[in-house]
Amino acid sequence: MVTRRRFLHLSFATLAASSIAALAHATAGQPYRAYLPVILAPVPTPTPSPTPTPSPTPALAPTVVLPAPTPPAAGELPPILDNAPIVGPATGTETMAVAWFAPRADPGYTDFDIGAIVAAYRSTGESVGMDWFLALAQMAHETGSLTSFWSQRPQRNPAGLGVTGEWRSDPPPDPTGWAYNTQRLRWERGISFATWADHAVPAHLGRLLAYALTDAQASQAQRALIAFALAVRPLAESRRGIAPTILGLNGVWAVPGTTYGQSIVALARRMRSGTAAAELIVPAIPADQDDDVMPDGA
């Protein structure tokens with residue numbers, strides 16, 4: 001028989017074991033948790049992004065229009081002498097030259113083209129101190145004021161350079177130095193130039209200088225232009241410096257050419273004085289299509 005003391009001892013033991021088991025079960029059922037304090041800070045007010053200020057459009061530099069140089073009046077130009085010198089100041093202006101060629105030239109040359117050709121004569125001529133207006137008169141005489149076959153593109157020959165009168169009806173074996181003349185329907189010997197400003201004009205003016213000056217008489221710039229021209233078509237040493245004036249080209253630049261220089265002087269004076277209506281109706285026969293030809297070595 002269990003005594004009261006023994007009963008109480010067993011009851012306390014059982015109760016303690018149950019409490020321990022319950023505590024162990026509760027502890028095992030929930031994982032370990034750590035609680036950290038939460039600090040609530042105020043949300044900062046967002047700073048608005050600055051609106052980009054557009055860069056000011058740079059002001060365009062003011063266009064400065066320089067007045068065109070006033071060409072000298074006819075009374076301020078040197079006279080066109082009967083035996084006009086090749087080296088010297090121009091005896092006419094760009095305006096006079098353009099006014100002459102524009103209504104007469106072949107339609108293949110626009111007013112812009114003519115202005116560029118005349119400007120090339122002026123700039124090249126002034127750089128070597130020669131009368132480029134007189135050279136333009138020679139070009140007008142040789143080409144019928146830019147109407148002849150040899151003056152048209154792609155020939156661009158301003159003064160019958162290398163046009164010796166040699167021709168043939170059939171194509172030459174080597175077409176170098178030949179061109180088919182669509183006005184005369186035949187092959188003709190002569191020089192063609194790639195451009196006016198860089199080829200034809202320097203070749204023309206340099207050849208005129210070669211007739212007017214020897215190397216000993218020429219400046220460095222003149223010698224350079226002469227060398228360019230004579231590389232295109234040589235000139236006999238005996239002809240260097242024999243024509244300081246335009247009349248010196250008679251029977252030399254063109255044969256027979258007995259009044260060659262006089263014709264150029266007369267034409268230069270007409271170009272300088274203005275346009276005659278009758279001359280627009282009946283153009284002059286181009287010298288590169290008349291009986292005068294450039295002889296070999298000339």
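Nothing in this text is a laboratory measurement; each read-out follows from the coordinates by a stated rule. It should be emphasised that the depicted structure is a prediction, and the values quoted were computed from it without experimental measurement. Note: ideal-geometry Cβ built from the backbone for every residue, glycine included; neighbour counts use all protein chains shown.
Identify all residues within region 79-109 that are touching an Asp or Glu at 6+ places or on another chain (Cβ under 6 Å) and of a type in the set (Ser, Thr, Tyr); write none if there are none.
Correct list: 91 only.
Looking only at region 148-166, count every residue that is on the phi < 0 side of the Ramachandran plot, in a loop (DSSP other than H, G, I, E, B) and either touching a helix residue (DSSP H, G or I) at 6+ places or on another chain (Cβ under 8 Å) or among the hydroxyl-bearing types (Ser, Thr, Tyr) (or both) and tell me the total. Steps first, please.
Narrowing region 148-166 to residues on the phi < 0 side of the Ramachandran plot: 148-155, 157-159, 161, 163-164, 166.
Restricting the remaining residues to those that are in a loop (DSSP other than H, G, I, E, B) gives 148, 152-155, 157-159, 161, 163-164, 166.
Next, from what is left, pick out any that are either touching a helix residue (DSSP H, G or I) at 6+ places or on another chain (Cβ under 8 Å) or among the hydroxyl-bearing types (Ser, Thr, Tyr) (or both): 148, 155, 157-159, 161, 163-164.
Final tally of qualifying residues: 8.
Filter region 169-194 for residues that are surrounded by 14 or more Cβ atoms within 10 Å (Cβ to Cβ) and of a type in the set (Val, Ile, Thr) and give the result.
The one that is surrounded by 14 or more Cβ atoms within 10 Å (Cβ to Cβ) and of a type in the set (Val, Ile, Thr): 191.
Which one of these is over 26 Å from the mean Cα position of the chain (by Cα) and not aliphatic (A, V, I, L, M): 103, 172, 154? Give the derivation first.
Values: 103 fails: over 26 Å from the mean Cα position of the chain (by Cα); 154 fails: over 26 Å from the mean Cα position of the chain (by Cα).
Only one candidate qualifies: 172.
Quick one: in region 106-144, which of the residues that are closer than 19 Å to residue 206 by Cβ, outside any helix (DSSP H, G or I) and not charged (D, E, K, R) is nearest to the chain's Cα centre (by Cα)?
Taking the candidates together, the pick is 128.
Quick check on region 207-214. Is at least one of its residues touching a Phe, Trp or Tyr at 6+ places or on another chain (Cβ under 6 Å), in contact (Cβ under 8 Å) with a residue 60 or more places away in the chain and of a type in the set (A, V, I, L, M, F, W, C)? I'd like the intermediate steps shown before the answer.
At the first step, the residues of region 207-214 found to be touching a Phe, Trp or Tyr at 6+ places or on another chain (Cβ under 6 Å) are none.
Taking every residue of region 207-214 in turn, none turns out to be touching a Phe, Trp or Tyr at 6+ places or on another chain (Cβ under 6 Å), in contact (Cβ under 8 Å) with a residue 60 or more places away in the chain and of a type in the set (A, V, I, L, M, F, W, C).
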